[in-house]
1. Solvent-accessible area per residue for the range 114-164 at a 1.4 Å probe radius, Å²?
2. What are the ³J(HN,Hα) values, in whole Hz, obtained from phi via the Karplus relation 6.51 cos²θ - 1.76 cosθ + 1.60 with θ = phi - 60°, for each residue of the range 334-339 in sequence order, with x given for Gly and Pro?
3. Can you check what the net charge comes to around Leu125, using other residues whose Cβ is under 12 Å from the Cβ of Leu125 (Lys, Arg +1; Asp, Glu -1)?
4. Show the residues, 5+ positions off or on another chain, whose built amide H is closer than 5 Å to the amide H of Ala128.
5. How would Phe354, Phe373 rank on accessible area, largest to smallest, probe 1.4 Å?
6. Could you derive backbone 3J(HN,Hα) for the range 93-101 from the dihedral phi with the Karplus parameters 6.51, -1.76 and 1.60 (θ = phi - 60°), listing whole Hz in sequence and x where the residue is Gly or Pro?
7. May I ask you to derive the FRET efficiency for Val46 and Arg192 from their Cβ-Cβ distance with R0 = 35 Å, giving the value to the nearest 0.05?
8. Report the full-extension gain for the segment Leu167 to Thr385: residue separation times 0.36 nm, less the Cα-Cα distance, to one decimal in nm.
Amino acid sequence: MSTDAFFALWERSQALLPWTPALILLPPLLLAGLLVWPRVAAGVGVLAPWAALPALLAGLAAPATELELPGLLLGSSLMLDPIGKSLLVILALLWLAAGWLAGERIRERGRLLLFLLAMTGSLALTVAGDLVVFLLASTVVGYTLYGLTARQHGAPILIGLLVLSDLVLFELLLLLVKEGAGLSLSAELPARAINDSALLLALAVLGFGAKAALPGLHYWLPRLSSSAAEWIGPLLISFVLGAGLLPWLRLLGPDARTGAPLPDIAGWLVLAGIGLTALLGLLQRTRSGCLGYTIAALSGFTLLLLTRSEPTAMTEGAVTGAMTSAALASGQSALALAALSALPRRPFSPKTVFLVALNGLAVLLLAHALLAFGMALELDLEASTALGLSSYALVGLLLGRLLWHPIPADKLCQGWRAVAAPEPEAKPWVMLFLTLGTAVWALMGTVTMSPAVDPMLALTLIAAMAAGLLLTPLLKHAPQLPPGDLALVLGRWPKTLADLIGLRLARLGASWRDSRRSEARRSSPYSAIVSMIPRSETQLRRWSLALILLLSLMLLLGLLGGHEGH
């Protein structure tokens, strides 16, 4: 090849660079389109687990760019910025791991289509340049994820929260447009408008919080993580990271505020939610249930630290680097959680020592990510000592619980109606891949940030992890709560409270509980709620009810618009 031809090819490749965000989405979309021909479905099933590989390469090597699409969705845009690139790498790794764990289970044509569409929506979250594209991508990944988990416990709760979340976010978009703030994620005006308005801030927290499994809106996640197959775990983590935490990093960071952080009352409410999820997580007999509550607690932890970071503590030029470092730490947390979720659920083989060592390394890397997140945001402990240390302590208790030797599937929840996932083929090499990827990512983040670890935060987290590790065997006689079934706990609160106060009562009354369990289960309000959920889901599919809900929503939006106008 001559020099002129080489330079001509180089110039053409440079002209394609602005299209990189769109090209990232092409592989899964093309594979999904090929499913129109049933004869090629088998070949598409082989390639589907690798469809996220171009996105991984783009996140590692592609330069930052922005692509304007004036003819799409009222003038939308796609972009690759430092925050999006770092999380694009993480999401691509999670989808690769999910595809490897799924194996033959995504070869069926309908499930394969849902898998590829969910992958496309998940990757689009990181390259969305405005809130319209982001809402579209989160809707695609949310409803296709529901399609993949529709037969699992917790899926009806997920679909209900998805509908409510999209309505809330749609209202947020309307109010931003009305105030003239725009919808671009690369501009500061929408983020400042959200942080300066209590109504917009509440809509952003609740709308994205439902998808991030924020404490109080987390009931779908522990049930899904406990009942779904092993390969669903990375998909749930990618959904929480991309659809919930990523918009918070873009819109609620310290660069979007001009004054002091949010009032202490908001921080204490979030901390109370973290405490609730920590308590419920410690009382889980299954590892997957505890992991679901840990993800919910980390969502509250992220929101709390974002709202407690002082914008005056950073120079103007360091804010972008701080949020990029926070995104790196969030990605490290997601990879570590995915490694923990990839631990085989069947009783251990002679590989026990190897798997326990990987489990311990993943938990330690997760703890390092929490410290790195606080250091990136320069958490002001002098102004919020109680909130900061308490959040680290509560999350540390759950990390200590995850350090404990996992309980085999044949010892699940004696006395409660446990939901055990089907036994998958053990693939410990996927857990090894995710753990090593987390370690490499942690090294990259350390080289990028190179901050000093706050000794008070580190000691608090280590002490809490040790306490959680010691409490786990002591709590085996405590009443074990089913994942996500808070209604059952409330329906039997007198007995549950007595068991929590006196563990001796729980041991002495074991035979009485066994004889009364079936009767209590029938008389509990939980039974009515469980029987109501499938009927409610069926009713939501009726066009008449959908029309009534749409008219009610239009009326509500009109009333809100009129109130804002006055």
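The values are calculated or read from the model by the stated rules, or taken from the named source; none is laboratory data. Keep in mind the model is a prediction, meaning the values are calculated, not measured. Here Cβ is always computed from backbone atoms with ideal geometry, including for glycine, and neighbour counts include all displayed protein chains. We work out accessible area using only protein heavy atoms, side chains counted, and drop any ligands, DNA or RNA first. Shrake-Rupley method; radii C 1.70, N 1.55, O 1.52, S 1.80 Å.
1. On a per-residue basis, the range 114-164 sits at 28 Å².
2. Karplus-based 3J(HN,Hα) across the range 334-339 equals 5, 5, 5, 5, 5, 4 Hz.
3. Around Leu125, the surrounding residues sum to +2.
4. Under 5 Å from the amide H of Ala128 lie the amide H atoms of Met79, each far enough along the sequence or on another chain.
5. Phe354, Phe373
6. Calculated HN-Hα couplings, in order: 5, 5, 6, 4, 5, 4, x, 5, 5 Hz.
7. Efficiency computed from Cβ-Cβ geometry: 0.15.
8. Contour length minus the Cα-Cα distance gives 74.8 nm.
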